[in-house]
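Here is the structure we will look at.
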């Protein structure tokens, strides 16, 4: 049980004071779900603000910015509200840039097979300095964050799947079943098999496929996001059918199919994963969260952007607008190059030809219309691309981009910030700021990326009756920071709005 001392445990940086947090807990306001967690001193348990349990007295409550800090303080995760099912994202808002980048790498599994020293070196800081930053901004060290990530993901698999416990232990990153069992006994005061028996939820299984729930914070505009993906879907690799998004995937040496759709009630996405084994399941889920921008806080973004008359109407019409992400950074980089100065339909045609010619064919695909994988950098770096109808300059750009990815010289990962991503990409021949910013927006989920010079953005503003130049737009966009990518999405969305007919 947690300490009875109300000063016990560091809560990390919080956006709200304790009175505000307690009011949210009393009201069970879903808008605060995932923004903080409540540790109850009298029970030693920590909960989400929406927990259905009896509201504790305020004197017994401590509030934590994240689950890792609550667990480090000695609190056990609640078995009723299940902290592992809380939406992600805002818990890490307000931390330093270095810590943000570190947290993104940890989410990608950076500490599953590497040390804190390796993580610090990747970030360009010392190991002691990184630990000091984590204690200041998060309240716990990097290893504690990684451990919490493993435990909560394992608990999710215990509750939502029929996977054997040994397989869950390995999929969540535990080195052995003994460590897995002892960790659960320590944190939940019971072994994993008892937690599975207690679960009141149906266990999802469909042959070789596995279905998991991915929560998000409402509002969420599924219709617009899936419509965006549908118009750009590469036949043979992606499809949108019956309001579901499907695509072929490859992670490490595993190949399979991913299918995602909005669950009835609109509270979460159902993700169906077909892979030979579950060793990379956590990475698949993290990529899926980024692909569908599930960690965005629409309320905070809208509150910042809605004061601009250029965006207000679209925000009112689409309060849950998200940024369509990407499964793979190389894939979206190639597609961005193919889309330079051509229409969306033309870029899709080029991508289809490229994939059909150089993509790896899947043997016995579970979904017949999805038959091959997107080409690898190695497959394209010396390929003869003239047959698919590209110009010589575009071919040179794709080859240079492919070589940079294949060699690892580009060094792009989730630790890179926006300026770093643009600098590395624009150093390659044929890639300008528009392409670099578009890649940063979709492949790396950069919320402040802004594709400077995009004709669609200028056309959207001109359709509102305002003449503007690229320089004027860049200057105006400064007021949208740090959410310029969402502003761009809103402007693009207005291009599809049908003008109202005037009454006679």
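Derivation of every value follows stated rules applied to the coordinates shown; laboratory data play no part. Note that the coordinates shown come from a computational prediction; the quantities given were computed from them, not determined experimentally. Cβ coordinates were reconstructed from backbone atoms using ideal geometry, including for glycine residues, and neighbour counts include every protein chain displayed.
Ranked by Cβ crowding within 10 angstrom, fewest neighbours first, how are 129, 476 ordered?
129, 476
Determine the percent antiparallel among the DSSP beta bridges restricted to segment 18-92, to the nearest 5.
70
Once the Cα atoms of helix 484-494 and of the chain are each reduced to a long axis, what angle between those two axes, in degrees from 0 to 90 to the nearest 10, is obtained?
60
Compute the Cα gyration tensor for segment 18-92, then decide on rounded, prolate or oblate, letting a ≥ b ≥ c be the square roots of its eigenvalues: rounded whenever a/c is under 1.5, prolate when a/b is larger than b/c in the other cases, and oblate in all that remain.
It comes out rounded by the Cα gyration axes.
Please report 161, 469, 20 as a ranked list, fewest other C-beta atoms within 10 angstrom at the top and most at the bottom.
With the fewest neighbours first, 161, 469, 20 line up as 469, 20, 161.
Just to be sure I understand, if you calculate Cα extents along the principal axes in Å for this structure, which of (i) 83, 55, 50; (ii) 69, 57, 53; (iii) 91, 54, 46 do you get?
(ii)
Can you give me the angle between helix 142-160 and the longest principal axis of the chain, using Cα atoms only, in degrees from 0 to 90, rounded to the nearest 10?
The two axes meet at around 90 degrees.
Quick check on the chain: helices-only [θ] at 222 nm, where DSSP H runs of length 4 and up contribute -39,500 (n - 2.57) each and the sum goes over total residues. Nearest 500, please.
One gets -13000 deg cm²/dmol as the mean residue ellipticity at 222 nm.
Mind running the shape call on segment 387-504? Use the C-alpha gyration tensor, a ≥ b ≥ c as the square roots of the eigenvalues: rounded below 1.5 for a/c, prolate if a/b tops b/c, oblate otherwise.
It comes out prolate by the Cα gyration axes.
I'd like the distance between the alpha-carbon centres of segment 98-145 and segment 432-504, rounded to an integer number of Å.
Segment 98-145 and segment 432-504 have Cα centres separated by 34 Å.
Cα axis of helix 222-232 to longest principal axis of the chain: angle in degrees, 0 to 90, nearest 10?
40
Can you give me the relative contact order of segment 18-92 as a percent, contacts being Cα pairs under 8 Å and 6 or more apart?
36
Between residue 176 and residue 419, what is the spin-label point distance in nm, taking each point 7 Å from the Cα along the Cα→C-beta axis?
That separation, rounded to one decimal, is 4.8 nm.
So if R0 is 51 Å, what FRET efficiency would residue 197 and residue 479 give, r being the distance between their Cβ atoms, rounded to the nearest 0.05?
Result of the calculation: an efficiency of 0.40.
If I take every Cα pair under 8 Å that is 6 or more residues apart in the chain, average their sequence separation and divide by the length, what percent do I get for the relative contact order?
11
Along Cα→Cβ, 7 Å out, is where each label goes; now give me the distance between the ones at residue 166 and residue 59 in nm to one decimal.
The modelled label-to-label distance comes out at 5.2 nm.
Going by the alpha-carbon gyration tensor, a ≥ b ≥ c the square roots of its eigenvalues, is segment 273-316 rounded (a/c under 1.5) or, if a/c is not under 1.5, prolate (a/b greater than b/c) versus oblate?
Prolate is the answer for segment 273-316, as a/c is 1.5 or above and a/b outweighs b/c.
Sticking with the crude label model, points 7 Å out along Cα→Cβ, report the distance from residue 386 to residue 20 in nm, one decimal please.
For the pair residue 386/residue 20, the computed spacing is 6.3 nm.
Could you list 483, 492 in order of exposure, starting from the residue whose Cβ has the fewest other Cβ atoms within 10 Å?
Ascending number of Cβ neighbours within 10 Å: 492, 483.
Assuming R0 = 45 Å, what is the FRET efficiency of residue 364 and residue 189, from their Cβ-Cβ distance, to the nearest 0.05?
Efficiency, from the Cβ-Cβ distance: 0.50.
Please report the spacing between the Cα centers of segment 41-80 and segment 262-303 in Å, no decimals.
First find each Cα centre; the distance between them is then 25 Å.
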